Ligand SMILES: [Zn+2]
């Protein structure tokens, strides 16, 4: 089926037809590295990572480029506050960025270009823009002359007059027109600088993305993405620079923008004190839950954050993960042996699974509707659960055959959303204190069995509790064993004794 995407440039849903068959070239604006990433950054990361994963699932080769803005006013300001070199500060936060992005299972881009590594290319673009009459020099600064580029405003749909009244435009008497924006900034004392034909200075922020996307993806590449706050002026300026430079349009063919994250219906901002840093959230919540939450709403809609929304996400994720556990328990080590004719039940089950896969694809083909894709996954989970839990279920080779098939589909779809659980199941950090409390409540009875110091990690704490319970059962101390099991159940951890040992699942 055709994949449709909403293109901010045309303001409608269009069929995605890449310039080159089976190949998608994609550029996404990355963070300015002066701090840890916040929830708004994370939404863009996870949304575009999921788009990329789905395109790969559809059989496209995807070339994915995401930049780091590693020189900028904010970086310089923060570095001065911390008494650090700005480039070192940027380097530090690039490392921190990867820690968070990896935790959220955002795949690394094919290329992560940095602004400071492309200064020569940027100078080259500014030179051409000056030569072509699109830019002018004032002292050591160079500005882009917005009125010279007749298509200015085509992405945001604003006229120059609206831009002037809507945005805060700095008053600067050096500009010929208040709308003009800076391409090259003269260096101020104490700032990093590079030599240029206009004297020592550094590039304006917008320039790097035009330069690096053209360099790595070529003119007329397929998808340009970012948060909707970047549409104006950042992306509008990118288009102006790039298209004035190459003399051709469009510089990027599909523009995709994700919506804002709000907190209790208000815009998230530092000044309102409702600002969430991903690293802080990951102290308390598992990355899968955060990722699930970020994808639970269609990417173009606003996404409202509250602790309640993460609890809902946890429930949803547990449901999905439990189905996978049930499949693993049922299939076990059994090989998918070749079977002859399928029974009627097995055949019908297989068809229902195929219908859920189709439903998932239909949702994602419609402008990456992850909210409906989750609904399709739930339907699939329900089919699997009721097939296995049916009283008449017998694990015949035919039944195992269709379950192996169902698991393969289920895992593939979970993986598109970046939510496939890892090999070893880890219990999430938010359980740590609750588990410590349970152990402390029975401390006197199990004193001899406890290590000198309790483990610091929830998975290890749970392992310890399970071994304490097994120990108690061995001693026929069923009261303690049941007490531990019930205490775990109270916090949503269910223990199940199977022939292969005690397993846990979350509800
Ligand atoms: Zn950009």
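The values are calculated or read from the model by the stated rules, or taken from the named source; none is laboratory data. Since the model is a prediction, treat every value here as computed from it, not as a measurement. Here Cβ is always computed from backbone atoms with ideal geometry, including for glycine, and neighbour counts include all displayed protein chains.
At-a-glance table
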| quantity | calculated |
| --- | --- |
| Lone unmet requirement of (1) within 23 Å of residue 208 (Cα to Cα); (2) touching a strand residue (DSSP E or B) at 6+ places or on another chain (Cβ under 6 Å); (3) not in a loop (DSSP other than H, G, I, E, B) for residue 45 | (2) |
| Among (1) surrounded by fewer than 20 Cβ atoms within 10 Å (Cβ to Cβ); (2) part of a loop (DSSP other than H, G, I, E, B); (3) in contact with a helix residue (DSSP H, G or I) (Cβ under 8 Å, 6 or more places away or on another chain), the one test that residue 128 misses | (2) |
| Checklist (1) without any contact (Cβ under 8 Å) to a residue 60 or more places away in the chain; (2) over 13 Å from the mean Cα position of the chain (by Cα); (3) within 16 Å of the ligand (Cβ to nearest atom) applied to residue 66, failing item | (2) |
| Residue check for residue 158: modelled with pLDDT under 95 and either farther than 20 Å from residue 232 by Cβ or in contact with a helix residue (DSSP H, G or I) (Cβ under 9 Å, 6 or more places away or on another chain) (or both) | yes |
| In the stretch 200-235, the residues that are near the ligand (Cβ under 10 Å from one of its atoms) and closer than 18 Å to residue 125 by Cβ | 205, 206, 207, 208, 209, 210, 212, 213, 224, 234, 235 |
| Which numbered condition residue 454 fails, given (1) more than 32 Å from the chain's Cα centre (by Cα); (2) loosely packed, with under 14 Cβ neighbours inside 10 Å; (3) in the same structural domain as residue 493 (by TED's automatic domain parsing); (4) assigned to a loop (DSSP other than H, G, I, E, B) | (2) |
| Some residue of the stretch 166-184 being away from the ligand (no atom under 15 Å from the Cβ), at pLDDT below 95 and not in a loop (DSSP other than H, G, I, E, B) | yes |
| Flag for residue 404 being at negative phi and over 37 Å from the mean Cα position of the chain (by Cα) | no |
| Tally of residues being outside any helix (DSSP H, G or I) and farther than 28 Å from residue 95 by Cβ across the stretch 111-125 | 0 |
| Condition met for residue 381 (over 26 Å from residue 223 (Cα atoms) and outside the structural domain of residue 314 (by TED's automatic domain parsing)) | no |
